[in-house]
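The values are calculated or read from the model by the stated rules, or taken from the named source; none is laboratory data. Computed from a predicted model, the values in this text were never measured in an experiment. FYI the Cβ positions are ideal-geometry reconstructions off the backbone, even for glycines, and counts take in every protein chain you see.
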Amino acid sequence: MKARAKSSNTPYPIWIHGEYVTNPPTRPSDGAERPEGHYIDRGGYPGANVYAINFNTFCRQTAAVDKSGNEIYAQDIILHETEDEIAYFIVEDEETVIDVVWGEIVALESLQTADIKVIGNTIDTPDFVEGMQYYRDNDIEIPYLPLLNVQVSALPYLQLECTKCGHVMLSCAYMARHKECGGFLKAGFATKVYREKEKAFA
């Protein structure tokens, strides 16, 4: 099956995409057998691109793609954006997604490809749901976040403001809580990021 997971045999864990296997091929360099376990084979020369993985980060690939053609995996966080509204969904499995704010379960195939974008995942951003639900429960406007980690994008850094102590900071990645005081962080951008609809009226 097609999947992704973080490597467990590299100096730093990295995302590996490919075919999930438990009986990996031998190493082509020395013909050594690999033990049974959890691996992802990226393909190419047989046995050359096989990585041991941390199974706690394992995510199956779905049949869906987003508007940029990116493959969608379980545990992905999806921004659903139409002309009138935005919503965030967590991909539960190959067939279903859950509305982060309201908890509604819907079929993944019911989301139009042109309206969805993968913006992160719950493994790299485990407190995303907690943050969104805090905004909902405290009548704080749900932020517009077209990407949860902007480090390698053209977007400006995120501006995070603590609702408890008032501290404001810049970050390349979304965080729900301020590490210093434990307060929840309101999220925005260092400069205004417009939705396409807003641009037309700006």
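May I ask you to verify whether A52 is surrounded by 19 or more Cβ atoms within 10 Å (Cβ to Cβ), touching a strand residue (DSSP E or B) at 6+ places or on another chain (Cβ under 8 Å) and assigned to a strand (DSSP E or B)?
Against the criterion (surrounded by 19 or more Cβ atoms within 10 Å (Cβ to Cβ), touching a strand residue (DSSP E or B) at 6+ places or on another chain (Cβ under 8 Å) and assigned to a strand (DSSP E or B)), A52 does not qualify.
Here are some residues: V97, V101, V118. Which one is among the β-branched types (V, I, T) and part of a loop (DSSP other than H, G, I, E, B)?
Numbers: V97 fails: part of a loop (DSSP other than H, G, I, E, B); V118 fails: part of a loop (DSSP other than H, G, I, E, B).
Selected residue: V101, the only one of V97, V101, V118 that is among the β-branched types (V, I, T) and part of a loop (DSSP other than H, G, I, E, B).
Which pairs have Cβ atoms under 7 Å, sit 6 or more apart or on different chains, and link a residue in the stretch 18-39 that is under 20 Å from A3 (Cα atoms) to one that is acidic (D, E) and in a strand (DSSP E or B)?
G18/D41; E19/D41; V21/D41; P24/D41
Looking at this structure, is P126 within 16 Å of the chain's Cα centre (by Cα), free of Cβ contacts under 8 Å to residues at least 40 places away in the same chain and closer than 27 Å to P13 by Cα?
Yes.
Given the conditions (1) more than 18 Å from M1 (Cβ to Cβ); (2) touching a residue at least 24 places away in the same chain (Cβ under 8 Å); (3) touching a Lys or Arg at 6+ places or on another chain (Cβ under 7 Å), and given that I53 satisfies all but one, which numbered condition is not satisfied?
(1)
Mind listing whichever residues of the stretch 144-157 are under 18 Å from N121 (Cβ atoms) and either not assigned by TED's automatic domain parsing to the domain that holds F128 or not in a strand (DSSP E or B) (or both)?
The answer is L145, P146, L147, L148, V150, Q151, V152, S153, L155.
Can you name the residue in the stretch 158-182 that is in a strand (DSSP E or B) and touching a residue at least 40 places away in the same chain (Cβ under 8 Å) and is also surrounded by the most Cβ atoms within 10 Å (Cβ to Cβ) among such residues?
Restricting attention to the stretch 158-182, the residues satisfying the condition of being in a strand (DSSP E or B) are 158-162, 168-171, 173, 177.
Adding the requirement that they be touching a residue at least 40 places away in the same chain (Cβ under 8 Å) leaves 173, 177.
On the way: A173: 15, R177: 18.
The residue in question is R177.
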